[in-house]
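A quick write-up on the structure given underneath.
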Amino acid sequence: MVIGINRVIEKNCAPKDQICNAMRVPGGESQECRVRVTTLDTSSPGAGYYEAMKLPPLALLGLALALASGHSASAQSSTARAVGPVTAAVRIDLFSDFECPACKMLHEQTIKRVKQEYALKGKIRLVHHDFPLPMHKQARRAAALAAAADRLGKFDAVADALFSQQDTWSKAGSVDDVVDSVLTPEERKKIDQLAADPEIAAAIERDVQLGTRSQVNSTPTMIITHNGKPQPVVGAVGYAVLSKFLDSLLGPAK
């Protein structure tokens, strides 16, 4: 069945020099968020969009191998950061930054529903990867606290709080206070020690390295894999568009 082409407004965070490189003008040191209009082709199963990441076949093969060999803790342990059956026909690897406004938009408008309607129902595998950008000074601390909260069974609550109050803590530097607001007194005593575990910092760095090998250069980036074919999707795509695309990959409900 032909679903057609859907146009979406896409917003994502990326270093300014990457934007300038794409425009073939000299780059700069400062960084910014950008907005673009892109298309998501859902006209046939397996169709994707590559507006920001038009990759040749060999690059796509390398991307598939990078994801398959990734050693992110979020991808391999029992955690709220990875939801859905490992054997699912469709897998979304989401590279996100808690301080990125576009990531907030994607999380609140799309990912939460995708998690509920697809991952938790066993239709897809959804994996969160931390990809804190250098321009976001609080992003690594936020990622560490969220990872620590995951060990307490509070990843979703902390992630929701970080995104919903992003505008406040990203300016005031009060990320710890936001996290504490959704924890019990006993959990607050534990989280700093958990966040200081070197393994958490190492896991974040593994996510970053996996994203780099997968040619991720802005957030949010979803890599949707179906039948071994990874398809990069960059920016804050709306739920209506993404769900239609996922349905085209999954085929008719049995």
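Please treat every number below as a calculation from the coordinates, not as lab data. Please read these numbers as outputs of a predicted model, since none were measured by experiment. No Cβ is skipped: glycine too gets one built from the backbone with ideal geometry, and neighbour counts run over all protein chains shown.
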Return the equivalent ellipsoid semi-axes of segment 91-139 as a descending list in whole Å, where each equals the square root of 5 times an eigenvalue of the C-alpha gyration tensor. 23, 11, 6
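Are there trypsin sites (Lys or Arg not before Pro) in segment 69-166 that DSSP puts in a loop and that have at most 15 other Cβ atoms within 10 Å, and which ones? Kindly include the intermediate steps, with their values, before the conclusion.
Values: sites: Arg81, Arg91, Lys104, Lys112, Arg113, Lys115, Lys121, Lys123, Arg125, Lys137, Arg140, Arg141, Arg151, Lys154; in loops: Arg81, Lys121, Lys123, Lys137, Lys154.
Listed in order of number, the matching sites are Lys121, Lys137.
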Any residue on another chain or 5+ positions along whose placed amide H is under 5 Å from the amide H of Val90 is listed here as Arg125
Here, Lys244 and Lys189, labelled 7 Å along Cα→Cβ, have an inter-label distance in nm of 5.3
Projected convex hull area of segment 56-237, Cα atoms, direction-averaged, in nm², equals 9.7
So, with points 7 Å from each Cα along the Cβ direction, the Asp197-Thr87 label distance in nm works out to 2.9
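How many Å³ per residue does the convex hull of the Cα positions in segment 134-224 occupy?
Numbers: hull volume 9.6 nm³, N = 91.
Taking only Cα atoms, segment 134-224 has a hull volume of 106 Å³ per residue.
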